[in-house]
Structure formats: structure tokens, C-alpha cells
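First comes the structure, then the notes that go with it.
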Amino acid sequence: MTSGTGSSLEGKVAVVTGGGRGIGRAIAIRLAAAGARVVVNHPPGDAEEASAAGVVSLIREAGGEADPFSADVSDRESVQALFSSVETRQGGVDILVNNAGVCPFETWWDMTPELFERVFQVNLLGTFLCSHRASSMMRARGRGGRIISLSSISALVGGGLQTHYTPTKAGVRSLMQSLAIVLGPYGITCNSILPGSIRTDINRVVYEDPERLRHDEARVPLGRLGRPEDIAGAVAFLASDEAAYITGADLLIDGGLFVNLQ
Ligand code: RM4
């Protein structure tokens with residue numbers, strides 16, 4: 001399969017969690033275009049299954065290789081099943097992209113322990129469960145690997161409607177820093193991507209408000225919110241051999257939003 005990015009990931013197996021929609025969808029498509037065989041993980045549900053099937057079809061129609069797999073990343077048995085399938089069907093994993101995440105905006109006063117716990121389970125526990133299984137497989141195979149996790153600008157700043165979400169994104173970033181130490185001896189790099197405000201379903205409710213959209217766009221030096229494709233290229237780079245000496249790092253991809261405080 002030819003691609004603009006060359007065949008930098010030819011022969012690699014990539015698992016993208018939450019790969020059926022939004023940023024995960026763009027990442028799955030981009031890694032396949034670079035030659036990887038992509039496992040498009042999605043949470044259970046008809047709509048999620050249909051979205052993932054659409055991504056797989058798009059990749060296959062472009063001459064790439066992809067397979068869907070339904071698993072709730074916060075559920076230990078589901079993650080076990082996902083990676084057992086990857087072991088038997090794809091022969092192992094070279095690249096794990098921990099993209100699955102949720103952020104149901106809620107006020108602090110209406111924040112329930114259940115909602116806080118759910119966001120923690122998907123965003124942080126899910127990253128732990130997938131990273132633990134994948135790194136164990138990578139270590140056993142002895143060929144190194146890549147773990148790339150979607151943290152967020154919210155790891156660096158707060159969010160009034162995201163008191164459940166921001167701690168999980170800071171935790172993801174910190175987990176990658178610690179795993180970089182543990183997994184370095186095995187040639188496995190661990191890095192975080194920190195997206196700013198990207199137009200996807202996760203924040204649709206916020207950006208359906210034209211006034212809020214205009215306000216947020218005006219705060220971005222590049223003048224627009226991000227698109228999923230703005231994230232995918234950086235993930236493909238971190239997954240490639242070109243990033244062999246990058247680990248424990250994080251890459252902020254926000255159009256300049258973070259530095260535009262004044
Ligand atoms: C990000 C950041 C964005 C928001 C998403 C859901 O960390 O806060 O503004 O759209 O979360």
C-alpha cells in the first residue's frame with residue numbers, strides 16, 4: 001500500500017482504542033496509511049460498532065489492513081480479550097494508542113461520585129489496563145514498541161466543567177512518564193499527546209453554542225479549533241522509527257491556545 005508518509009509503519013500492528021470516532025478514527029486511518037495493520041477498538045454498542053466498521057472499510061478500500069474489536073477499555077476481562085485476540089489474530093502488538101476517553105461536561109455541584117468514577121475508569125484505568133497488557137506482550141516478544149497516550153491540554157490547566165476529566169488527563173501524562181522509565185530497557189517508548197480544543201463529538205455540546213465557539217476560536221492564535229487530522233500526524237511520527245529516542249515526552253497540539261494567556 002503506498003502512502004504520503006511512506007511505509008514507515010510497514011509490518012507493524014497498531015491497536016487504537018476508541019478508534020471508531022473523532023481523534024481515534026483519524027489516528028487509525030493515518031497509521032494504516034503509513035503501512036500499519038490497525039486494530040480499531042471501540043466500546044460495545046450498535047452505533048459504536050457501525051462507526052468502527054466504517055473506519056475499517058475506509059482503510060481496506062484504500063488498500064490498508066484493519067480489523068474492528070469491541071471492548072470496554074475500563075473492563076479488565078474485555079481488555080484481556082482484546083489483547084488475546086491481537087496475539088492470536090495479528091501475532092502481537094507493536095504500537096498501542098490509548099485514545100479512548102470520555103468527558104461528559106458537568107458542574108462541580110452536580111458531579112456525582114458515579115460520574116467521577118466512570119470518567120476515571122475509562123480515561124485512566126483504561127489506559128493502565130491496555131498499557132499493562134500491551135507492554136507485557138511487547139516485552140515477551142523482545143522487539144520494542146510504542147505506547148502513545150492521548151492526554152490533553154487539560155493535564156496542564158483546569159476546566160470548570162471538567163473536574164472529573166482534568167485529573168485523569170494529568171494522570172495519563174504522569175503514567176507515561178513513569179512507564180518511560182520502566183519500559184525504556186525493553187526499547188518501548190511511552191509518550192503523551194496533549195490536544196487542545198478539537199472539534200469532535202466529545203465537546204459537541206459545548207460547540208453547538210455559536211457564542212462559545214466564537215470565543216474559543218478567538219483564543220487560538222491559529223484562529224481555529226483543531227481537527228482530528230491535526231493530531232494523527234504527530235501520533236504517526238511518535239509511532240515511527242524517527243521517534244526512537246523520544247520517550248517520557250509530551251506534545252501539546254493546540255494551535256497555540258495554551259500560551260495565549262494575556
Ligand atoms: C480538552 C479541552 C477541550 C475540550 C476537551 C473535551 O482537554 O478541555 O477544550 O473540548 O477536553
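The values are calculated or read from the model by the stated rules, or taken from the named source; none is laboratory data. All values derive from a computational prediction rather than experimental measurement. Quick reminder, even Gly has a Cβ in these numbers, built from the backbone with ideal geometry, and neighbours come from all protein chains shown.
Numbers below:
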| quantity | calculated |
| --- | --- |
| Extreme residue, nearest to Ile29 (Cα to Cα), among residues of region 224-257 that are exposed (fewer than 15 other Cβ atoms within 10 Å of the Cβ) and within 16 Å of the ligand (Cβ to nearest atom) | Arg227 |
| Residue tally, condition within 13 Å of the ligand (Cβ to nearest atom) and under 17 Å from Cys190 (Cα atoms), over region 134-167 | 4 |
| Yes/no for Ile202 being within 12 Å of the ligand (Cβ to nearest atom) and either in contact (Cβ under 8 Å) with a residue 12 or more places away in the chain or buried (at least 16 other Cβ atoms within 10 Å of the Cβ) (or both) | yes |
| Out of Tyr186, Tyr207, sole residue that is within 10 Å of the ligand (Cβ to nearest atom) and of a type in the set (Phe, Trp, Tyr) | Tyr207 |
| Condition broken by Thr5, with the remaining ones in (1) more than 21 Å from Met138 (Cβ to Cβ); (2) hydroxyl-bearing (Ser, Thr, Tyr); (3) modelled with pLDDT of 95 or more satisfied | (3) |
| Considering residues of region 168-178 that are away from the ligand (no atom under 12 Å from the Cβ) and in contact (Cβ under 8 Å) with a residue 60 or more places away in the chain only, the residue nearest to Ile231 (Cα to Cα) | Met176 |
| Candidate set: region 115-133, residues that are surrounded by 21 or more Cβ atoms within 10 Å (Cβ to Cβ) and under 14 Å from Leu183 (Cα atoms); chosen: the one farthest from the ligand (Cβ to nearest atom) | Arg133 |
| Any pair with Cβ under 6 angstrom, 6 or more apart, that starts in region 208-222 at a residue that is of a type outside the set (Lys, Arg) and ends at one that is part of a helix (DSSP H, G or I) and surrounded by 15 or more Cβ atoms within 10 Å (Cβ to Cβ) | Leu213/Tyr207 |
| Flag if Ser154 is at pLDDT 95 or above and touching a Lys or Arg at 6+ places or on another chain (Cβ under 8 Å) | yes |
